[in-house]
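K.L.:
Take this structure, written in structure tokens, and hold onto it; I'll ask about it next.
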């Protein structure tokens, strides 16, 4: 229970750092940065392994927490004749199972709104409109790399949107542009130094996220959530619940592992309380700012 709890605390930090890009980087720069981050998180093999470890940790932590709550209940089937629990335990410690269950429900809803839509939803996921310029050497076909008779250097702008990428040809001598080809995903663009494969592109998770919290992204195919205010309020409430859960859980995990000493336990408790306030607070601030700036 302690090990999975502390592992999930590390996950919270990593997830928070990624999500903070939603408010610290704005405009097209922020959109690109967040979508590149999401692409990396879903394609890097090490991150994939860590993701499955996170899923298993959440399930184990939830199931083990319920089992411990049941065992505690069975240990004293008959209540005390006089009970003043506040004298020797905190409110959070006595309600860890309830708090944990609420967090588990939030995680399930949160994943259905974002993770599931990105991974498995039958609805088409909007792609980030990307533009990349490449310069193809004289005498080379940009699609096949084969020799051709062109005698001028040409720059190609690749613009990806939806299922196709448009290849725009720009004559570097006359500065004229023309649409060269429409390319389906999977086509390779040949460059002098490396091949660029037009695969999935960046799924536009940024637009999906900010639209969920009230920003209109209809240009990208994602209308604003009409219940955005409710979504923000429930998200903030979930972070308050998480804060209470961490208030007891963080320091308790070290004690469960036997890391309890007069010299460093006070520092662990202080750090745990700071962690339990700062991390959920920063998570809660993100949707609030997105909603305010809609």
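K.L.:
Here are 155, 226, 170: which of them is over 19 Å from residue 34 (Cβ atoms) and modelled with pLDDT of 90 or more?
P.N.:
Unique residue meeting the criteria: 226.
K.L.:
Now for a separate question. Is it the case that some residue within the stretch 237-244 is within 18 Å of residue 113 (Cβ to Cβ), free of Cβ contacts under 8 Å to residues at least 24 places away in the same chain and part of a helix (DSSP H, G or I)?
P.N.:
First, the residues of the stretch 237-244 that are within 18 Å of residue 113 (Cβ to Cβ): 237-239, 241-242.
Next, from what is left, pick out any that are free of Cβ contacts under 8 Å to residues at least 24 places away in the same chain: 237.
The next check asks that each one be part of a helix (DSSP H, G or I); those that pass are 237.
Yes, some residue in the stretch 237-244 is within 18 Å of residue 113 (Cβ to Cβ), free of Cβ contacts under 8 Å to residues at least 24 places away in the same chain and part of a helix (DSSP H, G or I).
K.L.:
Scan the helices (runs of 4 or more DSSP H) fully inside the stretch 1-116 and keep the ones with 2 or more residues being within 18 Å of residue 207 (Cα to Cα) and over 14 Å from the mean Cα position of the chain (by Cα). Spell out the reasoning first.
P.N.:
Details: elements: 2-19, 21-24, 27-43, 45-75, 91-94, 96-113.
It comes to 27-43.
K.L.:
Would you mind stating whether residue 262 is modelled with pLDDT under 90 and in the same structural domain as residue 96 (by TED's automatic domain parsing)?
P.N.:
Working: modelled with pLDDT under 90: yes; in the same structural domain as residue 96 (by TED's automatic domain parsing): yes.
Here the answer is yes, as residue 262 does meet what is asked.
The values are calculated or read from the model by the stated rules, or taken from the named source; none is laboratory data. What you are looking at is a predicted structure, and each value in this text was computed from that prediction instead of being measured. Positions of Cβ are generated from backbone atoms using ideal geometry, with glycine treated the same way; all protein chains shown enter the neighbour counts.
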